[in-house]
Amino acid sequence: MNVTEPIRLSKWTHLIQRNGMFATFHSLCLSLLFFEERYKSFFEELRLGTTLEHLRKIDSDADDIVNELREQQLVVPVGYDDNTVLCNKQKEYIYQPSLETIFILLTDVCNLICGYCFIKGNTPKQNQSGKVMSLYTAKETIDMYFANLRPTKFHKTIIFYGGEPLLMFPLLKQIIGYIDDSYSDELAKHKIGLLLISNGTKITNEVADYLAKHPEITICISLDGCEETNDQKRIYADGKGSYQDITAGLKYLHSVGRKDINISATIDEHNVDRLDDLLILHGKYQFQTVNFNLLLDTVERTVDSSYTEHATKRMIEYFEKAREIGLYEDRIMRKVRAISRGVLHPFDCRATGAQLAISPDGSLGICHEGVGCKNFFFGKVSRNFVFADDPLVQEWGRRSPLTMQQCFNCPSLGLCGGGCAYSAFLRHGTIWAIDDKFCKHSLAVLEWLIWDVYSRM
């Protein structure tokens, strides 16, 4: 090493301090090293630009420290173009649009009136008409999906959604039968998963028996906590709570051997301080995963940043407890995986270049959240639709922190995935704005994760 060569911290290197320690974190390489506070002046010199020769005068360990920093790309020559790293990551992670995930909204009818429902919050009241998908539209949807499939390394999923999809149980069976009859080979070849997202209230013995015969269908049930908690928000039109019906459905599934249940919980004021309820319920029902949904902006509601900060704090507390029993929350786990594997998480949502949502009337959309927004629902489903050629699909496919200049100085650049493009649109009129509330979530999780790694060294 040339001891007189000017060196500096990379543009992508961030110093995060806590309790007498420094964490040096590369936001694009995800490399992470820790140093004691006594090295503060050492790093101040590197921030400004210096030489190894000079650093030797500051600390006798300078050679070892600089070598390690350079190996992790945390330190670079003064003349190095930092944008080289960014360009390389863009080439590696910003893909051409490829249809991976499809939401089939069987109906916009739901038997619950959950207070935080983003679908009703985004759908004009005159359009809340109780639409149901026809079998013809469903078959066209399936044909279109398989016509657009391309071999990729990413997981592919057909998601049955609503409203409440089990209100259309006969239609659901017909669609799955059509997939089995027409595309069983492609299903296996592309390793396509089938996912049913339900509120759980319509799981009868008949439904459970059917799902037992179709283990390829992953089941995700919405449940916000124990009875007292859940029934504050997840209610019927007459005010009755849904907990008893949901847990009856879980028991039906258990009785036929389907214990591989995933739980989806939306965090609101009713349960934000009671997330541990789900640990209690896990002891009884042995969920496969518990995934948290943060409240989303809608046409009718803007989520306050204080909510996000509080909810994130509680999510982290829950994660620390849940992982001790082998239960992992996916939203935080995405970032844990990225750090542990050194693989960036450039998209937090498949709507950015890999997803379609089909409304009950056959309208094509980018995101199921924006089902009531004409900006992002266009045309009609057709087996002739070419996903990768659609201009709106292409635009969403480019949206990532890796392509958004306002994100470049953020420590969470390679981890956050960009939050919700639709929320950004609602707040700022463009998908290219940042999702303000998600920034707070992502930064808080990153800081926790960094020091969690340190505590486990």
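Computed from the coordinates by the stated procedures, all read-outs in this text should not be read as laboratory data. Worth saying up front: this structure is predicted, and the values here are computed from it rather than measured. All Cβ positions, glycine included, derive from the backbone under ideal geometry; neighbour counts span all protein chains shown.
Listed values, structure above:
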item: Kyte-Doolittle at least -0.5, axis length at least 24 Å by Cα - qualifying DSSP helices, the chain; result: 169-189, 436-455
item: Check: the chain dipole with +1 on Lys, Arg Cβ and -1 on Asp, Glu Cβ, in debye; result: 620 debye
item: Magnitude of the charge dipole, the range 395-455, Cβ model with Lys/Arg +1 and Asp/Glu -1, debye to 20; result: 180 debye
item: All Cα pairs of the chain, percent lying beyond 34 Å; result: 39 percent
item: Dimensionless Rg over Rh [the range 57-115; C-alpha; Kirkwood]; result: 1.43
item: For the chain, with +1 on Lys and Arg beta carbons and -1 on Asp and Glu, the positive-most of 200, 282, 161 along the dipole; result: 161
item: Inter-part distance where the range 294-347 and the range 4-68 are each reduced to a Cα centre, Å; result: 30 Å
item: Ascending count of other beta-carbon atoms within 10 Å, so fewest first, for 154, 103; result: 154, 103
item: Listed residues 137, 365, 12: farthest to the positive end of the dipole of the chain (Cβ charges); result: 137
item: Residue order, fewest to most surrounding Cβ atoms within 10 angstrom, among 330, 348; result: 330, 348
item: Built amide H within the under 5 Å cut-off of residue 259, gap 5+; result: none
item: Signed unit charges on C-beta, dipole axis of the chain, positive-most listed residue 253, 110, 401; result: 110
item: DSSP beta bridge pairing in the chain, given as percent antiparallel to the nearest 5; result: 45 percent
item: Share of alpha-carbon pairs per 10 Å distance bin for the range 395-455, given as whole %; result: 24, 50, 20, 6, 0
item: Theoretical ellipticity at 222 nm over the chain - DSSP helices of four or more residues, -39500 (n - 2.57) apiece, nearest 500; result: -11500 deg cm²/dmol
item: For residue 51, residues with placed amide H under 5 Å, excluding near neighbours; result: 7
item: Total lysine pairs under 29 Å (Cα atoms) in the range 10-156, excluding pairs fewer than 8 apart on one chain; result: 17
